[in-house]
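Novice: Attaching a single structure in structure tokens format; questions to follow.
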Amino acid sequence: MVSRADVLGQLVAARGTALHRFAFLLCGDDAGAHDLVQEAFVSVLARRAAAESDLESIEAFVKRVIINRSIDEHRRRMRWTQRAHLLAKTSPSDDLAEGAALRGDVLQAVHCLTHRQRACIVLYYYDDRPVAEIADILGCSAGTVKRQLSDARARLALSPAFTTGSEAE
């Protein structure tokens with residue numbers, strides 16, 4: 001019996017360039033076409049039935065995989081472009097010293113919080129966990145978590161790192 005690797009080797013030798021051109025026409029990018037063909041070959045290699053098929057049916061399967069992967073990649077890009085505007089836009093700072101100073105101020109303000117307040121702030125804002133889950137993690141009531149968050153916000157609001165120029169004056 002011929003191994004799958006041998007069948008794919010024959011397919012690559014006979015139709016590799018044509019499959020690459022096929023993929024290029026779908027995605028319009030040489031590197032992307034190379035990736036599509038490689039992923040298709042891996043899919044074929046992973047399928048048991050591919051070893052029993054002739055080269056024409058394997059090539060048809062490879063083309064189908066290339067088409068499906070191309071469509072999936074296009075959908076993925078479209079979803080990204082539809083949601084990219086939701087991300088916060090950051091402008092690169094020309095003054096790295098200013099960014100470092102702000103980072104230091106933020107760290108100093110956060111270190112002024114108690115350990116429980118800091119844990120609540122990190123779990124709530126950074127880890128995006130609900131109050132009830134934070135309470136379970138910390139082994140306290142939801143009311144305690146709410147109080148810790150409120151106290152932490154009040155303490156951080158007084159910090160120069162979290163106030164604007166007009167509020168500080």
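Derivation of every value follows stated rules applied to the coordinates shown; laboratory data play no part. For clarity, every value in this text was computed on a predicted model and none was experimentally measured. Because the Cβ atoms are built from the backbone with ideal geometry, glycine has one as well, and the counts that use them run over all protein chains shown.
Novice: Between Asp127 and Leu55, what length comes free when the chain is fully extended (0.36 nm per residue of separation minus the Cα-Cα distance, one decimal in nm)?
Specialist: Working it through step by step, the gained length comes to 20.8 nm.
Novice: Using only the alpha carbons of the stretch 103-163, determine the length spanned along each of the three principal axes and report them from longest to shortest in whole angstroms.
Specialist: If we take the Cα atoms of the stretch 103-163, the spans are 32, 18, 16 Å.
Novice: Give the value in nm², to one decimal: projected area of the alpha carbon convex hull of the chain, averaged over all directions.
Specialist: That works out to 17.4 nm².
Novice: For Val106 and Arg147, FRET efficiency with R0 = 30 Å and r from the beta-carbon atoms, rounded to 0.05?
Specialist: After rounding, the FRET efficiency stands at 0.85.
Novice: Set the Förster distance to 35 Å, then compute FRET efficiency between His115 and Leu86 from the Cβ-Cβ distance, nearest 0.05.
Specialist: 0.60
Novice: Let me ask something else about it. Could you work out [θ]222 nm for the chain from helices alone, using -39500 (n - 2.57) per DSSP H run of at least four and dividing by all its residues? Round to the nearest 500 deg cm²/dmol.
Specialist: Calculated at 222 nm, the ellipticity per residue is -23500 deg cm²/dmol.
Novice: What three numbers, in Å, describe the spread of the alpha carbons of the stretch 4-83 along their principal axes, ordered from the longest?
Specialist: 44, 23, 15
Novice: State the extension gain, in nm to one decimal, for the chain segment bounded by Leu45 and Asp136, taking 0.36 nm per residue of separation less the distance between their alpha-carbons.
Specialist: Stretched out fully, the Leu45 to Asp136 stretch lengthens by 28.1 nm.
Novice: For the chain, build the charge dipole from Cβ charges (+1 Lys, Arg; -1 Asp, Glu) around the Cα centre, then report which of Phe24, Ala142, Leu102 sits farthest towards its positive end.
Specialist: With unit charges placed on the Cβ atoms, the residue in question is Ala142.
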